[in-house]
1. Nearest 10 degrees, 0 to 90: what angle lies between the long axis of helix 98-114 and the longest principal axis of the chain (Cα atoms)?
2. Probe 1.4 Å, all protein chains in place: accessible area of residue 34 in Å², nearest 10?
3. Based on alpha-carbon positions alone, could you give the equivalent ellipsoid semi-axes of the range 4-119 from the gyration tensor, as √(5λ), descending, whole Å?
4. For residue 18 and residue 35, compute 0.36 nm times the residue count separating them, minus their Cα-Cα distance, and round to one decimal in nm.
5. Sequence-distant or interchain residues sharing an amide H contact under 5 Å with residue 56, placed H: which?
6. List the GluC sites (Glu not before Pro) within the range 17-119 that fall in a DSSP loop (any state other than H, G, I, E or B) and whose Cβ has at most 13 other Cβ atoms within 10 Å.
7. For residue 35, what residues show an amide H to amide H distance below 5 Å, using hydrogens built from the backbone and excluding near sequence neighbours?
8. For a quick check of your reading of the filter: which chymotrypsin sites (Phe, Trp or Tyr not before Pro) in the range 35-65 sit in a DSSP loop and have no more than 13 other Cβ atoms within 10 Å?
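The values are calculated or read from the model by the stated rules, or taken from the named source; none is laboratory data. None of the values given here were measured: they were computed from a predicted structure. Backbone-built Cβ (ideal geometry, glycine too); neighbour counts: all protein chains shown. When the accessible area is computed, the model is the full protein with side chains, heavy atoms only, and any ligands, DNA or RNA have been set aside. Shrake-Rupley method; radii C 1.70, N 1.55, O 1.52, S 1.80 Å.
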Amino acid sequence: MAERKMPTFDKSPPELVDRFAAVMDGFPEAERRKMFGYPAAFVGGNMATGLFADQWVVRLPDDEIGPARARGAGAFEPMPGKPMKAFVVIPAGDVADDAAVTAWVERGLALARSMPPKK
């Protein structure tokens with residue numbers, strides 16, 4: 001039987017890691033830790049937002065995914081053909097805009113806050 005190799009992922013650019021840290025400094029209630037080796041933010045053990053390679057992703061309620069995609073958010077597929085349906089990729093232009101990225105992060109944190117805490 002052939003051995004299955006774990007996929008390898010590109011590191012996030014240092015500028016994006018710094019941007020994530022700076023934005024998340026405004027949300028001290030969010031617990032920061034790594035997910036898949038990337039910076040991420042959690043509330044009650046539920047992931048709200050984080051980085052993946054050169055993308056910033058955010059978790060949204062099901063009913064907000066379609067409208068977010070219509071406004072330019074991308075599908076999040078950590079592995080091709082394997083989408084994480086509860087997450088979208090924040091448009092790059094919004095990542096660079098303080099008000100826009102903050103609005104995305106607030107939506108992700110609100111969803112994570114509304115979920116039952118993980119043990």
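1. It is inclined by approximately 80 degrees.
2. So the heavy atoms of residue 34 present about 140 Å² to solvent.
3. Working: eigenvalues 70, 56, 55 Å².
Semi-axes from the Cα gyration tensor: 19, 17, 17 Å.
4. Numbers: separation 17, 0.36 × 17 = 6.12 nm, distance 1.64 nm.
Gain in length upon complete extension: 4.5 nm.
5. Residues meeting the criterion, in which the H sits 1.01 Å from N, are 90.
6. Those that pass, being in a loop and sparsely packed, are 29.
7. For residue 35, the qualifying residues are 40.
8. Working: sites: 36, 42, 52, 56; in loops: 36.
Answer by residue number: 36.
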